[in-house]
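Asker: Below are the structure tokens for one structure; questions will follow.
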Amino acid sequence: NNKYIYILILWKGAVQKTTIIMNKKNISFILAGFLLLTLQFNVKIGSVYIDIFNDILAAVLITAGAFPLGGRNVVFKKFRILSVVSIIFIILGQVINFLMVIMGGDNALKVVSGVATIFNIYLTYYFTEGLILEAKFQDKSALTRSLRLVWALYGILIFGNFIALMSGIALVSTLVQIVCVIFSIYYCSSVFTSCSQLYMEGLPTKHMNTEK
């Protein structure tokens with residue numbers, strides 16, 4: 001019995017440690033997911049457009065990176081929950097789109113792109129706010145001082161990218177997509193630079209339920 005209790009204690013400690021780690025691998029997963037979610041890989045087959053499931057891959061990457069962050073502060077916890085919800089809705093949108101194509105109707109490209117756009121904006125928002133809060137707890141707010149403005153511009157471009165895609169004008173859509181991707185890379189670079197100067201793991205979570 002003592003052996004099982006010892007194993008249980010070790011397992012519980014490992015789980016608790018895993019839930020507070022903010023290392024480069026987790027951050028890289030999240031940023032790669034944001035970049036994929038921004039890109040629109042829609043392939044035209046006949047008269048319909050088929051997404052090659054990059055949105056699902058993006059949501060999986062974001063969730064994989066979000067889970068270890070959930071224990072660090074209350075905003076990251078919201079980010080983790082939202083990442084799980086995003087997988088459900090993005091997969092649902094892809095299934096609906098596939099079924100509509102199979103039944104010979106119009107595909108749900110607008111719905112799929114709209115869902116991805118909404119989650120992209122909210123996920124990047126909560127992630128950014130989580131980093132800002134984390135930096136505040138570590139007395140390093142200067143590292144994330146510009147992130148809120150960078151996110152605001154990024155969010156505007158994400159929405160503009162969706163509007164351009166829905167316009168159906170190929171040239172406009174392509175140009176806006178290029179600008180959006182470039183700024184997405186800039187956002188990811190800014191975040192990664194800030195994270196590289198924050199404590200990555202082992203930080204006590206005494207501020208877990210504190211938002212300010």
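Asker: I'm checking my understanding of the structure. Among residues of the stretch 193-212 that are buried (at least 17 other Cβ atoms within 10 Å of the Cβ) and within 24 Å of Ala152 (Cα to Cα), which one is modelled with the lowest pLDDT?
Answerer: Ranking the qualifying residues of the stretch 193-212, first place goes to Leu198.
Asker: Also, quick follow-up: Write out, first by first residue and then by second, each pair whose Cβ atoms fall under 7 Å of each other, whose residues are 6+ apart or on separate chains, and whose first residue, in the stretch 70-88, is closer than 18 Å to Val115 by Cα while the second is aromatic (Phe, Trp, Tyr) and open to solvent by 20 Å² or more (accessible area, probe 1.4 Å).
Answerer: Taking only residues 6 or more apart or on different chains, the pairs are Phe79/Tyr126; Arg80/Phe67; Leu82/Tyr122; Leu82/Tyr126; Ser86/Phe119.
Asker: If you don't mind, there's one more thing I want to ask. If you take the residues of the stretch 164-192 that are in contact (Cβ under 8 Å) with a residue 12 or more places away in the chain and of a type in the set (Val, Ile, Thr), which of them is surrounded by the most Cβ atoms within 10 Å (Cβ to Cβ)?
Answerer: So, considering only residues that are in contact (Cβ under 8 Å) with a residue 12 or more places away in the chain and of a type in the set (Val, Ile, Thr), the one surrounded by the most Cβ atoms within 10 Å (Cβ to Cβ) is Val191.
Asker: For the stretch 138-150, name all the residues that are open to solvent by less than 50 Å² (accessible area, probe 1.4 Å) and modelled with pLDDT of 90 or more.
Answerer: Answer for the stretch 138-150, where residues must be open to solvent by less than 50 Å² (accessible area, probe 1.4 Å) and modelled with pLDDT of 90 or more: Leu147, Val150.
The values are calculated or read from the model by the stated rules, or taken from the named source; none is laboratory data. From a predicted model like this one, the values you see are computed outputs, not experimental measurements. Don't worry about glycine lacking a Cβ; one is built from the backbone with ideal geometry, like all the others, and counts go over all protein chains shown. SASA here: full protein model, heavy atoms, side chains in, ligands and nucleic acids out. Shrake-Rupley method; radii C 1.70, N 1.55, O 1.52, S 1.80 Å.
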